[in-house]
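The values are calculated or read from the model by the stated rules, or taken from the named source; none is laboratory data. All of these numbers come straight from a predicted model, not from anything done at the bench. When we count neighbours, we look across all protein chains shown, and the Cβ atoms used for this are built from the backbone with ideal geometry, even at glycine.
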Amino acid sequence: MFIDPVITFLSVDPSLSNTAIVWGDIYPDNSMNFYNYKLIHTEKKKGEKVIPDLIHRSTTILRSLKDILDEINPDVCFVELPTGSQSSNASIGVGISCCIIASLNLRCRQVVTVTASAVKLDAIGNKNATKKEIMAYCENKYPNFLFERKKDGSLVEGRMEHVCDAICIAESGLKLVNNEYI
């Protein structure tokens, strides 16, 4: 359990292609206020060799993360642990995610890691929850958050599911910190 009256947090859904970062405050009653987000999108450049491209994409992610950490200076960081991989490309993504987590460990006062299944279970009650269910959960719980929306008012798929994951990562991490799993 946190003791300070207001805790500033940062929550990260790490990925090579779409790293989502949300930030806000945690209040003494354990309620959370999400202020903003950044989605760091990187994609493979055509014709680029694999290793230089990975270095460029990783640098883009880590530079953006550093800038946000410098600005927010969070008391705690929540982050989802990458899951195993079945292909070499997925293994690369896991490695990049591990580097993102390592960079948080170097900069944050406290880093809380959660699993993808715990995040889904905490938010939806089902460890196999879909992206659409996670998005609907976040949209209903945080209707005033600055979600990117289509003209019809629905959340932009392909982008906002990563932001919603980061929101749910923060909620799950807070439950873990407060020993709700013990």
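Considering region 153-177 alone, what residues qualify as being among the hydrophobic types (A, V, I, L, M, F, W, C) and assigned to a helix (DSSP H, G or I)?
Let us first name the residues in region 153-177 that are among the hydrophobic types (A, V, I, L, M, F, W, C), namely 155-156, 160, 163-164, 166-170, 174, 176-177.
MET160, VAL163, CYS164, ALA166, ILE167, CYS168, ILE169, ALA170, LEU174, LEU176, VAL177, listed by residue number.
Screening the candidates ILE61, ILE51 for the property of being surrounded by fewer than 16 Cβ atoms within 10 Å (Cβ to Cβ) and of a type in the set (A, V, I, L, M, F, W, C) yields one hit, ILE51.
Are any of the residues in region 125-146 on the phi > 0 side of the Ramachandran plot, touching a residue at least 40 places away in the same chain (Cβ under 8 Å) and either of a type outside the set (Lys, Arg) or touching a Lys or Arg at 6+ places or on another chain (Cβ under 9 Å) (or both)?
So the first thing to find is which residues in region 125-146 are on the phi > 0 side of the Ramachandran plot, and the list is 125.
From the residues that got through so far, the ones that are touching a residue at least 40 places away in the same chain (Cβ under 8 Å) too are none.
Within region 125-146, not a single residue is on the phi > 0 side of the Ramachandran plot, touching a residue at least 40 places away in the same chain (Cβ under 8 Å) and either of a type outside the set (Lys, Arg) or touching a Lys or Arg at 6+ places or on another chain (Cβ under 9 Å) (or both).
Results for (1) under 18 Å from ALA116 (Cβ atoms); (2) out of contact with any Leu (no Cβ under 9 Å at 6 or more places or on another chain); (3) modelled with pLDDT of 95 or more, shown as yes or no for each residue.
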site: LEU10; (1), (2), (3): no, no, yes
site: ALA20; (1), (2), (3): yes, no, yes
site: PHE34; (1), (2), (3): no, no, yes
site: ILE40; (1), (2), (3): no, no, yes
site: GLY47; (1), (2), (3): no, yes, no
site: LEU65; (1), (2), (3): no, no, yes
site: ALA90; (1), (2), (3): yes, yes, no
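Among residues of region 19-48 being hydroxyl-bearing (Ser, Thr, Tyr) and within 20 Å of GLU139 (Cα to Cα), the one that is surrounded by the fewest Cβ atoms within 10 Å (Cβ to Cβ) is SER31. Scanning region 34-42 turns up one or more residues that are free of Cβ contacts under 8 Å to residues at least 60 places away in the same chain and either aliphatic (A, V, I, L, M) or farther than 20 Å from CYS168 by Cα (or both). Among the residues of region 147-161, the one identified as surrounded by 13 or more Cβ atoms within 10 Å (Cβ to Cβ), farther than 24 Å from SER31 by Cβ and touching a residue at least 12 places away in the same chain (Cβ under 8 Å) is ARG159.
Among the residues making up region 87-114, those that are over 30 Å from PRO52 (Cα atoms) and either of a type outside the set (A, V, I, L, M) or without any contact (Cβ under 8 Å) to a residue 40 or more places away in the chain (or both) are ARG109, GLN110.
Of all the residues that make up region 28-72, how many are touching a helix residue (DSSP H, G or I) at 6+ places or on another chain (Cβ under 8 Å), among the β-branched types (Val, Ile, Thr) and farther than 17 Å from GLY93 by Cβ? Total satisfying the criteria: 0.
Contact map, region 52-63: first residue of a type outside the set (A, V, I, L, M), second residue part of a helix (DSSP H, G or I), Cβ cut-off under 9 Å, separation 6 or more or different chains; pairs are ARG57/ILE96; SER58/ILE96; SER58/CYS99; SER58/ILE100. Whether a residue is among the charged types (D, E, K, R), within 19 Å of PHE145 (Cβ to Cβ) and free of Cβ contacts under 8 Å to residues at least 24 places away in the same chain was assessed, and ASP25 passes this test.
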